[in-house]
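Engineer: My structure is below; once you've seen it, I'll send some questions.
The values are calculated or read from the model by the stated rules, or taken from the named source; none is laboratory data. Nothing here was measured: the structure is a model prediction, and the numbers come from that model. As a convention, Cβ positions derive from the backbone with ideal geometry for all residues, glycine included, and neighbour counts pool all protein chains shown. Heavy atoms of the whole protein, side chains included, go into the accessibility calculation; ligands, DNA and RNA do not. Shrake-Rupley method; radii C 1.70, N 1.55, O 1.52, S 1.80 Å.
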2 protein chains.
Amino acid sequence: MTGQWEDAFVGAIEAGGTKFVCATGTGPHDLARATFRTGDDPAQVLPMVTAWLAEQQRQRGTLRAIGVASFGPVDLDRSSPTYGYITSTPKPGWRNTDIVGPLRKAFPGIAVGFDTDVSGATLGEQHWGNGQGLTDFVYITIGTGIGAGAMAGGQLVHGLVHPEMGHMMLPRVPGDEFAGVCPFHGACWEGLCAGPALLKRTGMPAEQLPPDHEAWALEAQYIAYALANLVCVLSPQRIILGGSVRKAGRLGQERLFEMIRAKVQEALNGYVVSPALAGEIDRHVVPPLLGDDAGICGAIALAQEAWRVA
Amino acid sequence: MTGQWEDAFVGAIEAGGTKFVCATGTGPHDLARATFRTGDDPAQVLPMVTAWLAEQQRQRGTLRAIGVASFGPVDLDRSSPTYGYITSTPKPGWRNTDIVGPLRKAFPGIAVGFDTDVSGATLGEQHWGNGQGLTDFVYITIGTGIGAGAMAGGQLVHGLVHPEMGHMMLPRVPGDEFAGVCPFHGACWEGLCAGPALLKRTGMPAEQLPPDHEAWALEAQYIAYALANLVCVLSPQRIILGGSVRKAGRLGQERLFEMIRAKVQEALNGYVVSPALAGEIDRHVVPPLLGDDAGICGAIALAQEAWRVA
């Protein structure tokens, strides 16, 4: 099926704060991969990435395009002189780093797709995962931080900058005095629910928390408030909840999802009427079908989209 | 410029809980209007609406389409047997009322655009108001309730049902014990900030509140939390804040907007970096340019869009 943009052979980079995952292929079932430590020197890792992609090209054939799903904040404004840069990140060495430029230089004339890691994952889930056939959904990852991408009317939501849903502010559970860990907002969603918040609150990483620890009930409640707010703002057809924390260690993913779904219904209290939010909520709030591969598959999808429009 | 869909001569209905505003024309500067009390019997008001539109057609020329911007909840799913209905409204007499059907019957073959009142107003502000040239913005109205429409990537956000942003849940200002007035959620945004909430909190309607009443500071703070959340979720290029409460009576609209803008910046605390959220925030959070005509102009725009795609 050569000629189908969905099957285009492309390069992909999932640029994370800890590692760069690189791949070439046509989709989730056809990926050759390599991983490089992000470190604190872009001038070290970026040439390794381009060299690996060039070697892949020699071995496997011409790359139609390259997709980058990057940690942020990033500049997505195509009219900006710093389009394709990681901008104001607190990560040492990476502030104001041109990501797209070195790729264009190493692969002259190639189409490059560039977006946030979570927008990439959102696109990946739409192409091959739990977003298939949907026009309006949200992909959320809860790990070291909380990030999210949104599809509205079949397009990724970008807007002024890009969504930063993890920094939504939520009601507090009465009696919960935990100050939160977000350096900007204290007890925003990320400040209350990401991995470091759980660690600070309990002294234990999420994987080790006993199933009956009260922190799980708080975690489910705050996540549910955030999801209910997303239902109010975006009216998604589905909410995909990924990242490491949602696996819920000793509690188990399915038990945490059950708690979250029940609390979303409690929070909405029947106001938004849809089967998806009633009897079918177990198909409305779901984990990613691509699991931990949502990001790199998203970078593949970003490349294929870039090739399609090029 | 006949042939330009933007200039099509159309009929428009702003279906509100108190009154139906009807109009014919081509845009905000060319509107003939009539107003009918909504009452509690659709079988009474709908024939008056269609009769008036038919008379307008005889006097002014053929209507290319009719647009309806309606109070809700409404059914926007074109594959649904109740598409074009007002559905589960608590308003007496109006539950499960077919709005589009009677129009199609009275004007056989005509294109009918149908959406929520706030989505209509959003479209109106995009065509002729403060949303001109923007692809991503939010229109909010704070009056008897709080509703909002959103444009993302140049399209109205619909999703699973439609947004119900007024029911977002927000952090509480420490010491504020007001229980809120939303029958579903108590102290959600609408339960804290719509007109009836102000009245319950203070014993006075918004127009009469003294400028130094502490309720204004709370009003500005909660609105700011909600707007900050919308910045996090949708990353709008602009936020248009309409409705009666935002006029702020004796305090004055400009003073209330200044308070809101300052508290939005305080809530975001510099995390989302954009001139629009820094020095240019007075152009980011603004009243509607169409003022109280955003709704009826939105219905005109809905009709023109329906004609364009028909």
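Engineer: Only strands (runs of 3 or more DSSP E) wholly contained in region A:27-134 count here; list those with 3 or more residues that are closer than 23 Å to A:HIS167 by Cα.
Structural biologist: The strands (runs of 3 or more DSSP E) meeting that bar are A:111-116.
Engineer: Further, regarding this structure: Please specify each residue of region B:72-90 satisfying the condition of being among the hydroxyl-bearing types (Ser, Thr, Tyr) and either within 13 Å of chain A (Cβ to nearest Cβ) or surrounded by 20 or more Cβ atoms within 10 Å (Cβ to Cβ) (or both).
Structural biologist: Within region B:72-90, B:SER80, B:THR82, B:TYR85, B:THR87, B:SER88, B:THR89 meet the criteria.
Engineer: If A:ILE110 satisfies all but one of (1) surrounded by 24 or more Cβ atoms within 10 Å (Cβ to Cβ); (2) among the β-branched types (Val, Ile, Thr); (3) away from chain B (no Cβ under 12 Å), what's the number of the condition it fails?
Structural biologist: It is condition (1) that A:ILE110 fails.
Engineer: Consider region A:158-184. How many of its residues are touching a residue at least 60 places away in the same chain (Cβ under 8 Å) and either basic (Lys, Arg) or touching a Leu at 6+ places or on another chain (Cβ under 8 Å) (or both)?
Structural biologist: Of the residues in that region, 4 qualify.
Engineer: Go through region B:122-140 and give me each residue that's hydroxyl-bearing (Ser, Thr, Tyr) and open to solvent by 10 Å² or more (accessible area, probe 1.4 Å).
Structural biologist: Once the filter is applied, which keeps residues that are hydroxyl-bearing (Ser, Thr, Tyr) and open to solvent by 10 Å² or more (accessible area, probe 1.4 Å), region B:122-140 yields B:THR135, B:TYR139.
Engineer: Then there is this: So A:ASP98 passes all but one of these: (1) open to solvent by 30 Å² or more (accessible area, probe 1.4 Å); (2) within 14 Å of chain B (Cβ to nearest Cβ); (3) not basic (Lys, Arg). Which condition number does it fail?
Structural biologist: Result: A:ASP98 passes all but (2).
Engineer: Might you check whether a residue that is more than 30 Å from B:ASP75 (Cβ to Cβ) and not in a helix (DSSP H, G or I) occurs anywhere in region A:251-263?
Structural biologist: Yes, because at least one residue in region A:251-263 is more than 30 Å from B:ASP75 (Cβ to Cβ) and not in a helix (DSSP H, G or I).
Engineer: Let me ask something else. In this structure, is A:ALA301 away from chain B (no Cβ under 14 Å), of a type in the set (A, V, I, L, M, F, W, C), within 30 Å of A:GLY27 (Cα to Cα) and open to solvent by 50 Å² or more (accessible area, probe 1.4 Å)?
Structural biologist: Against the criterion (away from chain B (no Cβ under 14 Å), of a type in the set (A, V, I, L, M, F, W, C), within 30 Å of A:GLY27 (Cα to Cα) and open to solvent by 50 Å² or more (accessible area, probe 1.4 Å)), A:ALA301 does not qualify.
Engineer: Of (1) open to solvent by 30 Å² or more (accessible area, probe 1.4 Å); (2) more than 19 Å from the chain's Cα centre (by Cα), B:ALA276 satisfies all except one. Which?
Structural biologist: The one condition B:ALA276 does not meet is (1).
Engineer: Are any residues in region A:273-285 within 14 Å of chain B (Cβ to nearest Cβ) and in contact (Cβ under 8 Å) with a residue 12 or more places away in the chain, and if so, which ones?
Structural biologist: A:ALA276, A:LEU277, A:ALA278, A:ILE281, A:ARG283, A:HIS284, A:VAL285
Engineer: Counting only residues that are within 11 Å of chain A (Cβ to nearest Cβ) and either surrounded by fewer than 23 Cβ atoms within 10 Å (Cβ to Cβ) or in a loop (DSSP other than H, G, I, E, B) (or both), how many does region B:141-179 have?
Structural biologist: Of the residues in region B:141-179, 16 are within 11 Å of chain A (Cβ to nearest Cβ) and either surrounded by fewer than 23 Cβ atoms within 10 Å (Cβ to Cβ) or in a loop (DSSP other than H, G, I, E, B) (or both).
Engineer: Still on this structure, I have one more. Among the listed residues B:VAL138, B:VAL118, identify the single one that is under 22 Å from A:GLN237 (Cα atoms) and within 11 Å of chain A (Cβ to nearest Cβ).
Structural biologist: B:VAL138
Engineer: Which condition number does A:CYS232 fail, the rest of (1) of a type in the set (A, V, I, L, M, F, W, C); (2) over 19 Å from the mean Cα position of the chain (by Cα); (3) within 19 Å of A:VAL173 (Cα to Cα) being met?
Structural biologist: Going through the list (1) of a type in the set (A, V, I, L, M, F, W, C); (2) over 19 Å from the mean Cα position of the chain (by Cα); (3) within 19 Å of A:VAL173 (Cα to Cα), A:CYS232 breaks only (3).
Engineer: Where residues in region B:206-228 are part of a loop (DSSP other than H, G, I, E, B) and touching a residue at least 40 places away in the same chain (Cβ under 8 Å), which of them is surrounded by the most Cβ atoms within 10 Å (Cβ to Cβ)?
Structural biologist: The residue in question is B:LEU209.
Engineer: Now a separate question. Just the residues that are aromatic (Phe, Trp, Tyr), under 22 Å from the mean Cα position of the chain (by Cα) and open to solvent by 30 Å² or more (accessible area, probe 1.4 Å), please, taken from region A:34-71. Break it down into steps so the answer makes sense when it comes.
Structural biologist: At the first step, the residues of region A:34-71 found to be aromatic (Phe, Trp, Tyr) are A:36, A:52, A:71.
Then drop every residue that is not under 22 Å from the mean Cα position of the chain (by Cα), which leaves A:36, A:71.
Correct list: A:PHE36 only.
Engineer: Now, a different point. Quick check on region B:188-205. Is at least one of its residues within 11 Å of chain A (Cβ to nearest Cβ) and not in a helix (DSSP H, G or I)?
Structural biologist: Yes: region B:188-205 contains one or more residues that are within 11 Å of chain A (Cβ to nearest Cβ) and not in a helix (DSSP H, G or I).
Engineer: Counting just the residues of region A:229-266 that are in contact (Cβ under 8 Å) with a residue 24 or more places away in the chain and among the polar types (S, T, N, Q), which one comes out farthest from the other protein chains (Cβ to nearest Cβ)?
Structural biologist: If we take residues in region A:229-266 being in contact (Cβ under 8 Å) with a residue 24 or more places away in the chain and among the polar types (S, T, N, Q), then A:GLN253 is farthest from the other protein chains (Cβ to nearest Cβ).
Engineer: Could I ask something else about it? Between A:VAL100, A:VAL118, which is aliphatic (A, V, I, L, M) and under 14 Å from the mean Cα position of the chain (by Cα)?
Structural biologist: Selected residue: A:VAL118, the only one of A:VAL100, A:VAL118 that is aliphatic (A, V, I, L, M) and under 14 Å from the mean Cα position of the chain (by Cα).
Engineer: Would region A:214-221 turn up any residue that is facing chain B (nearest Cβ under 10 Å) and in contact with a Leu (Cβ under 8 Å, 6 or more places away or on another chain)?
Structural biologist: No, region A:214-221 has no match at all.
Engineer: Right, next: Taking B:GLY270, is it touching a residue at least 24 places away in the same chain (Cβ under 8 Å) and not hydroxyl-bearing (Ser, Thr, Tyr)?
Structural biologist: Against the criterion (touching a residue at least 24 places away in the same chain (Cβ under 8 Å) and not hydroxyl-bearing (Ser, Thr, Tyr)), B:GLY270 does not qualify.
Engineer: Pick from A:VAL74, A:VAL68, A:VAL112, A:VAL49: which is among the aliphatic types (A, V, I, L, M) and at pLDDT below 95? Even if it seems obvious, please write down each step before you answer.
Structural biologist: Values: A:VAL68 fails: at pLDDT below 95; A:VAL112 fails: at pLDDT below 95; A:VAL49 fails: at pLDDT below 95.
From the options A:VAL74, A:VAL68, A:VAL112, A:VAL49, the qualifying one is A:VAL74.
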